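The values are calculated or read from the model by the stated rules, or taken from the named source; none is laboratory data. Since we're looking at a predicted model, the values are computed, not measured. Ideal geometry is used to build each Cβ from the backbone, glycine not excepted, and the neighbour counts take in all protein chains shown.
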Amino acid sequence: MFMTAVSLAVAAIPEGLVAVSTIVLAIGVQRMVKRNAIVKKLPAVETLGSATVICSDKTGTLTQNRMTVKKVFVNNKLYNLEEIEKSEEINSEELKQLVFTSMLCNDTKVGKDNELTGDPTETALVDMGFNLGFNPATFEQIKRVEEIPFDSERKLMTTIHKIGDKYIAYTKGGMDELLDRAKGYVINGKIYEDIDVYRKLVEEQNIGMAKNALRVLAMGYKELDHMPTKEEMENLEKDIIYVGMVGMIDPPREEAKVAVAKCKTAGIKTVMITGDHKITAIAIAKELGILESDEEAVTGQELENMSDEELTKNIRNYSVYARVSPEHKVRIVKAWQKQGEIVAMTGDGVNDAPALKTANIGCAMGMVGTDVAKEAADVILTDDNFATVVSAVEEGRRIYDNILKAIQYLLSSNVGEIIVLFVAILATPLFARWFGITNISALEPLLPIHILWINLVTDALPALALAYDPASKDIMNRKPTKPGKGIFTKGMTFRIIYQGIMIGFLTLIAFCIGLSTSGIEGTPEYVEHVKIEIGQTMAFAVLALSQLVHVFNVRDNKKSVLKTKPFNNKTLLAAILVSALLMIVILVVPALRSIFSIWKLPITNILEVIILVFSPLIIVEIFKLLRINSTKEEN
């Protein structure tokens, strides 16, 4: 009774499940590295597959991060960059001031052969200066004496340079922010102070460039008669003279368009978050297919005027967030989460760390991302590409599916073992009466060593190999798993129970066939002993080998085995072959037969074992044909 109790305990507990789940996740992490995603935490792999909203930066993630200046607005005229080189404007003082601001208020490093390294926006400005014929040596001689670094709140950057006896502060940044701090503007050498009147014209030009998906940066300067003190530095960005602005293009990634479309079919909402002007963001978002109506875009200022409750209520109406600060990102993530969504968030800056931590999945940029952002994230994208996030989601779904397959396989096998032992214990008196067995204590279909062998060898290898199962073709054509949805849905529970009963009763049938074996000669005690060992051998063989056949059933709960390409997982085939060979060795080698109390089966019994072993395939195929195998599924 003690040994039987131990057998039941072993049969009831899927020992390999924890190891299988961990190994499946680890294999998924390795596969993601090949897709340019480094996963820092194993559970993040599975969570990615459940993502319902992806909040993404624009620059470098959805776009190519290859800025090129296309248009220049100076002296109240708009030029293409190629046109300005051939016009009289090339010699104007205003263009000189605009280029000086672009190249001096800039952290780009100029190497040998004018090789540029730095932020793509700033390198584009320096490249513009080179294209307009400005000598880089001139700028190397003008030393920076002080600076106010770019800040996502101010959206401005200012540097102070000593030129001759004067100090000049050059400022570049967002057009609205710079004009708010300007006291005048310069045209053809004359400074005008009616900035509010001129602002309307500038805004028209800004909107025109933004509609063409150009990112606009305004330029201004301020002459100083002395080096400003620390107190004066705090108010330096005031009374600026506006000199002009440039429009630069950052083309959308072609693969990002495909990835956004894939997200739509997968039921995933794509959200763009950017510091760019609203009109620019809308133009890029439309090109990528993220939004259809301008009403789906909202600015950071509009977010400021919304309460958290209003934002949560209206969050589904917005696909683009423009002119936002990192603090807004946290509110956006929390609003989506309050709607019950699983949010993946991308970011690269120090200020993005809170949003990355708040999101269900934080994805940091590996190329331009700060160490703080990478530390806060769950996943690091080595190519800073939105398509990589979508690929990671697809991989997460594949891993989730494969874990479910392994769970269904292991638990249905364990239920089968429990059925065998439990029914055998209850039916022992009946078996003894039907088959004329007097030694009731020996009348058990499986020995403890059989159960241990099946659980540790026959079950484990195929379950591990399921981790290598390829994704189904429609994996990104279905909606994400509902947040909070458990593994044991009605469909999963139904399959585990009926398939476990199937395996259990096939094993019991094999045991009964063995007990009814005729033609054995010898004393009654010997004949009884042989019948019991033949029954145990057949039960052991059918239970172990039928599970190896059954693994093909769990690979797809709807499609026939023949339609699922049964041979496209070579690792699974190898695992089945190894497990089957190990079983055959036990059944054939005399020394091992003695250890496992196995009897050499007659030919007739071997044929019966083969029929029973392949029966699960036929039974489940019938269930699939009648659509019973998946009728209890729910999304």
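Look through region 71-116, keep the residues that are closer than 29 Å to Ile148 by Cα and among the aromatic types (Phe, Trp, Tyr), and return whichever of them is surrounded by the fewest Cβ atoms within 10 Å (Cβ to Cβ). The qualifying residue surrounded by the fewest Cβ atoms within 10 Å (Cβ to Cβ) is Phe100.
Would you point out which residue out of Ile487, Ile513 is among the aliphatic types (A, V, I, L, M) and outside the structural domain of Phe552 (by TED's automatic domain parsing)? Give the steps one after another, and end with the answer.
Values: Ile513 fails: outside the structural domain of Phe552 (by TED's automatic domain parsing).
Answer to the check: Ile487.
Within region 543-552, is there a residue that is under 26 Å from Ser441 (Cβ atoms), touching a Phe, Trp or Tyr at 6+ places or on another chain (Cβ under 8 Å) and among the hydrophobic types (A, V, I, L, M, F, W, C)? Checked against the condition, which is being under 26 Å from Ser441 (Cβ atoms), touching a Phe, Trp or Tyr at 6+ places or on another chain (Cβ under 8 Å) and among the hydrophobic types (A, V, I, L, M, F, W, C), region 543-552 yields at least one hit.
Working only within region 356-375, note down all residues that are more than 24 Å from Arg66 (Cα to Cα) and buried (at least 21 other Cβ atoms within 10 Å of the Cβ). If you could, list the steps in order and put the result at the bottom.
Step one: list which residues in region 356-375 are more than 24 Å from Arg66 (Cα to Cα), which gives 356-362, 372, 375.
Within region 356-375, Leu356, Ala359, Asn360, Ile361, Gly362 meet the criteria.
For residues that are crowded, with 18+ Cβ neighbours inside 10 Å and touching a Leu at 6+ places or on another chain (Cβ under 8 Å), scanning just region 452-464, find the one that is nearest to Ser516 (Cα to Cα). Here the answer is Ile454.
Among the residues of region 601-631, how many are over 35 Å from the mean Cα position of the chain (by Cα) and free of Cβ contacts under 8 Å to residues at least 40 places away in the same chain? I'd like the intermediate steps shown before the answer.
First, pick out the residues of region 601-631 that are over 35 Å from the mean Cα position of the chain (by Cα): 601-616, 618-619, 622, 626.
Filter again for free of Cβ contacts under 8 Å to residues at least 40 places away in the same chain, leaving 603-604, 606-607, 610-611, 618, 622, 626.
Residues that pass the stated criteria total 9.
Of everything in region 597-635 that is of a type in the set (A, V, I, L, M) and in a loop (DSSP other than H, G, I, E, B), the residue that is nearest to Phe540 (Cα to Cα) is Ile598.
Considering only strands (runs of 3 or more DSSP E) fully contained in region 20-117, which possess at least 1 residues that are more than 40 Å from the chain's Cα centre (by Cα) and in contact (Cβ under 8 Å) with a residue 40 or more places away in the chain? Step through it out loud before you land on a result.
On the way: elements: 37-39, 53-57, 68-74, 77-80.
The qualifying strands (runs of 3 or more DSSP E) are 68-74, 77-80.
Scanning region 333-355 for residues that are more than 21 Å from Glu375 (Cα to Cα) and either crowded, with 19+ Cβ neighbours inside 10 Å or not basic (Lys, Arg) (or both) yields Ala335, Trp336, Gln337, Gln339, Gly340, Glu341. Out of Gly396, Gly416, one residue alone is crowded, with 21+ Cβ neighbours inside 10 Å, under 18 Å from the mean Cα position of the chain (by Cα), under 23 Å from Ala19 (Cα atoms) and touching a residue at least 40 places away in the same chain (Cβ under 8 Å). It is Gly396. Pairing each residue of region 195-223 that is not assigned by TED's automatic domain parsing to the domain that holds Asp294 and surrounded by 14 or more Cβ atoms within 10 Å (Cβ to Cβ) with any residue that is of a type in the set (Lys, Arg) and part of a strand (DSSP E or B), provided the two are 6+ apart or on different chains, yields C-beta distances under 8 Å for Ile195/Lys183; Met209/Lys71; Leu214/Lys70; Leu214/Lys71; Leu217/Lys172; Ala218/Lys172; Met219/Lys172; Gly220/Lys172. Considering only residues in region 158-176 that are among the small types (Gly, Ala, Ser) and at negative phi, the one that is farthest from the chain's Cα centre (by Cα) turns out to be Ala169.
When region 533-560 is filtered for residues that are at pLDDT 90 or above and either among the polar types (S, T, N, Q) or not assigned by TED's automatic domain parsing to the domain that holds Phe505 (or both), the ones remaining, listed by number, are Gln536, Thr537, Ser546, Gln547, Asn553.
Could you check region 344-366 and list, in sequence order, the residues that are under 25 Å from Ala283 (Cβ atoms) and of a type outside the set (Asp, Glu)?
Going through region 344-366, the residues under 25 Å from Ala283 (Cβ atoms) turn out to be 344-349, 352, 355, 363, 365.
Ala344, Met345, Thr346, Gly347, Gly349, Ala355, Cys363, Met365, listed by residue number.
Which residue is farthest from Ile606 (Cα to Cα), if the candidates are limited to region 494-523 and must be free of Cβ contacts under 8 Å to residues at least 60 places away in the same chain and not small (Gly, Ala, Ser)? Residue satisfying both the conditions and the ranking: Thr523.
Take Met157 and tell me if it is surrounded by 14 or more Cβ atoms within 10 Å (Cβ to Cβ) and either of a type in the set (Gly, Ala, Ser) or touching a Cys at 6+ places or on another chain (Cβ under 8 Å) (or both). If you could, list the steps in order and put the result at the bottom.
Working: surrounded by 14 or more Cβ atoms within 10 Å (Cβ to Cβ): yes; either of a type in the set (Gly, Ala, Ser) or touching a Cys at 6+ places or on another chain (Cβ under 8 Å) (or both): yes.
Taking the combined requirement at face value, the residue satisfies it.
Filtering Val530, Val457 for residues that are β-branched (Val, Ile, Thr) and either within 30 Å of Lys269 (Cβ to Cβ) or modelled with pLDDT under 85 (or both) leaves a single hit, Val457.
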